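Structure record follows, encoded as structure tokens.
The values are calculated or read from the model by the stated rules, or taken from the named source; none is laboratory data. Note that the structure is a prediction, hence the values are computed from the model and not measured. Neighbour counts run over all protein chains shown; Cβ positions are idealised from the backbone, glycine included. Side chains included, ligands, DNA and RNA excluded: accessible areas come from the protein's heavy atoms. Shrake-Rupley method; radii C 1.70, N 1.55, O 1.52, S 1.80 Å.
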Amino acid sequence: MGTWDVGPFGNDAAADFGGDLDEAAAGEREGIVRSAFTRVIDTAAYLEAPESEVAIAATALVAAQCPGGEPADPIYGPEEPLPDLTGLRDLALQALERIMTEPSELIGLWAESDGGPWRANISRLQNVLLPQPSGEQLSLI
């Protein structure tokens, strides 16, 4: 496994994904992110780790644009500007749910090592992506 960190871009597949986004035309970047999610969501059989790693990196890009989201990795994340990805929140959540459901190679690999920090990062991403309750409504009556 070409992993060196528990963060969303701490592996070879995610770092390559960041580079792919930089090389793509600006109008293609949202579609590339969307495809990362749908490949994972549409996999009913055994889910390979590289597809999961790319989807997690894509999720981090969406989360970075949401309130409470952290900036994407400045070294391995994309350098080129991204379009508004917040409309992909639901797909990102679905992808994370699939990644964390067997059969999934990535959860098995992290179970073999200290996967606690990795799971905590996944939980943080999910929390940022979940719809936030609207503020207290003012009564006009």
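Miscellaneous remarks
- Per residue, the solvent-accessible area of the chain (1.4 Å probe, heavy atoms of protein chains only, all protein chains present) comes to 55 Å².
- With contacts taken as Cα pairs under 8 Å and at least 6 residues apart, the chain reaches a relative contact order of 30 percent.
- Where chymotrypsin sites (Phe, Trp or Tyr not before Pro) fall in DSSP loop in the range 17-61, at most 12 other Cβ within 10 Å: Tyr46
- Around the Cα centre of the range 15-54, unit charges on the Cβ atoms of Lys, Arg, Asp and Glu (plus for the first two, minus for the last two) sum to a dipole of about 180 debye.
- Largest to smallest principal axis extent of the C-alpha atoms in the chain, angstrom: 60, 35, 28
- Here the accessible area is traced with a 1.4 Å probe on the protein chains. For the chain, carbon and sulfur cover 52 percent of it.
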